[in-house]
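Asks: Before we start, here is the structure in question, set down as structure tokens.
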């Protein structure tokens with residue numbers, strides 16, 4: 001593990017150990033945009049979905065309620081995942097939980113959907129970005145879909161005290177162009193618990 005990766009993990013462990021869910025900017029009681037993008041794919045309820053940086057997001061709760069059977073949540077923070085498990089109670093047993101960095105994550109599993117809202121934009125190093133994209137390509141099945149949400153070029157420059165990388169629809173498409181084809185792209189506002197607005201870029205991709 002490199003020093004940079006170690007620092008990143010420590011940063012997020014500290015965030016989740018010291019801040020309540022309702023006191024982080026990405027808090028969404030119902031992640032409507034992500035849910036709509038997943039459900040409109042019309043995938044089977046036994047499709048395999050992985051939520052990157054899912055932490056203690058409520059996405060998994062809603063997907064389980066909709067009847068999806070194979071959910072995986074990956075987060076660099078063990079504290080975030082433990083909070084989600086506690087919240088879900090017995091339902092946590094229906095979910096596969098992985099504590100890992102998305103840039104070094106290795107799996108023999110293949111997924112139908114790779115979802116990432118507000119994790120990818122924390123990767124500002126070109127090598128980390130390349131490793132992330134390679135991991136998406138390896139982990140998704142041939143007909144798999146990538147759903148990605150980041151801060152837009154009208155969004156914040158930092159989050160949780162650290163810099164992020166902004167994306168427009170065009171720059172996100174270009175970033176993934178070698179291995180993925182954009183299916184849909186749009187911008188949308190997210191209202192934080194602090195009554196501020198963050199503009200997001202969302203795109204869906206299929207494998208080439």
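Asks: Which one is surrounded by the most Cβ atoms within 10 Å (Cβ to Cβ) among residues in segment 129-152 that are touching a helix residue (DSSP H, G or I) at 6+ places or on another chain (Cβ under 8 Å) and either without any contact (Cβ under 8 Å) to a residue 40 or more places away in the chain or over 17 Å from residue 109 (Cα atoms) (or both)?
Replies: So the first thing to find is which residues in segment 129-152 are touching a helix residue (DSSP H, G or I) at 6+ places or on another chain (Cβ under 8 Å), and the list is 129, 132-133, 146-151.
After this cut, where a residue has to be either without any contact (Cβ under 8 Å) to a residue 40 or more places away in the chain or over 17 Å from residue 109 (Cα atoms) (or both) as well, the list is 129, 132, 147-151.
Numbers: 129: 16, 132: 22, 147: 23, 148: 28, 149: 25, 150: 25, 151: 22.
Residue satisfying both the conditions and the ranking: 148.
Asks: Can you confirm whether residue 181 is farther than 20 Å from residue 60 by Cβ and without any contact (Cβ under 8 Å) to a residue 12 or more places away in the chain?
Replies: The answer is no for residue 181.
Asks: Answer yes or no as to whether residue 72 is in contact with a strand residue (DSSP E or B) (Cβ under 7 Å, 6 or more places away or on another chain) and surrounded by fewer than 19 Cβ atoms within 10 Å (Cβ to Cβ).
Replies: Numbers: in contact with a strand residue (DSSP E or B) (Cβ under 7 Å, 6 or more places away or on another chain): yes; surrounded by fewer than 19 Cβ atoms within 10 Å (Cβ to Cβ): no.
Considered against the rule, which asks whether it is in contact with a strand residue (DSSP E or B) (Cβ under 7 Å, 6 or more places away or on another chain) and surrounded by fewer than 19 Cβ atoms within 10 Å (Cβ to Cβ), residue 72 comes out as no.
Asks: Can you tell which of 171, 154 is modelled with pLDDT of 95 or more, part of a helix (DSSP H, G or I) and more than 17 Å from the chain's Cα centre (by Cα)?
Replies: Numbers: 154 fails: part of a helix (DSSP H, G or I).
Answer to the selection: 171.
Asks: Does residue 36 satisfy the condition of being surrounded by fewer than 18 Cβ atoms within 10 Å (Cβ to Cβ), closer than 29 Å to residue 134 by Cβ and at pLDDT 95 or above?
Replies: Details: surrounded by fewer than 18 Cβ atoms within 10 Å (Cβ to Cβ): yes; closer than 29 Å to residue 134 by Cβ: yes; at pLDDT 95 or above: yes.
Against the criterion (surrounded by fewer than 18 Cβ atoms within 10 Å (Cβ to Cβ), closer than 29 Å to residue 134 by Cβ and at pLDDT 95 or above), residue 36 qualifies.
Asks: So, one more: For residue 162, indicate whether it is at pLDDT below 95, within 29 Å of residue 30 (Cβ to Cβ) and either out of contact with any strand residue (DSSP E or B) (no Cβ under 7 Å at 6 or more places or on another chain) or surrounded by fewer than 18 Cβ atoms within 10 Å (Cβ to Cβ) (or both).
Replies: On the way: at pLDDT below 95: yes; within 29 Å of residue 30 (Cβ to Cβ): yes; either out of contact with any strand residue (DSSP E or B) (no Cβ under 7 Å at 6 or more places or on another chain) or surrounded by fewer than 18 Cβ atoms within 10 Å (Cβ to Cβ) (or both): yes.
In short, yes.
Asks: Given the conditions (1) assigned to a loop (DSSP other than H, G, I, E, B); (2) under 17 Å from the mean Cα position of the chain (by Cα), report the number of the one that residue 136 does not fulfil.
Replies: (1)
Asks: Let me ask something else about it. What tally of residues in segment 157-167 results from selecting those that are in a loop (DSSP other than H, G, I, E, B) and under 13 Å from residue 196 (Cβ atoms)?
Replies: Kept after step one, since they are in a loop (DSSP other than H, G, I, E, B), are these residues of segment 157-167: 157, 160-161, 164-167.
Of the ones still in play, those that are also under 13 Å from residue 196 (Cβ atoms) are none.
Residues meeting the conditions: 0.
Asks: Please go through segment 181-207 and pick out each residue that is more than 18 Å from residue 34 (Cβ to Cβ) and at pLDDT 95 or above.
Replies: Correct list: 181, 207.
Asks: For segment 162-173, which residues satisfy the criterion of being closer than 20 Å to residue 75 by Cα and without any contact (Cβ under 8 Å) to a residue 60 or more places away in the chain?
Replies: Correct list: 163, 164, 165.
Asks: Something else: Take the residues in segment 191-204 that are under 15 Å from residue 157 (Cα atoms) and within 18 Å of the chain's Cα centre (by Cα); name whichever of them is surrounded by the fewest Cβ atoms within 10 Å (Cβ to Cβ). Explain how you work it out, then say what you get.
Replies: Let us first name the residues in segment 191-204 that are under 15 Å from residue 157 (Cα atoms), namely 196-201.
Adding the requirement that they be within 18 Å of the chain's Cα centre (by Cα) leaves 198-201.
Values: 198: 18, 199: 15, 200: 21, 201: 25.
Restricting to residues being under 15 Å from residue 157 (Cα atoms) and within 18 Å of the chain's Cα centre (by Cα), the top hit is 199.
The values are calculated or read from the model by the stated rules, or taken from the named source; none is laboratory data. All figures in this text were calculated on a predicted structure; none of them were measured in a lab. Glycine also receives a Cβ, built like all others from the backbone with ideal geometry; neighbour counts cover every protein chain displayed.
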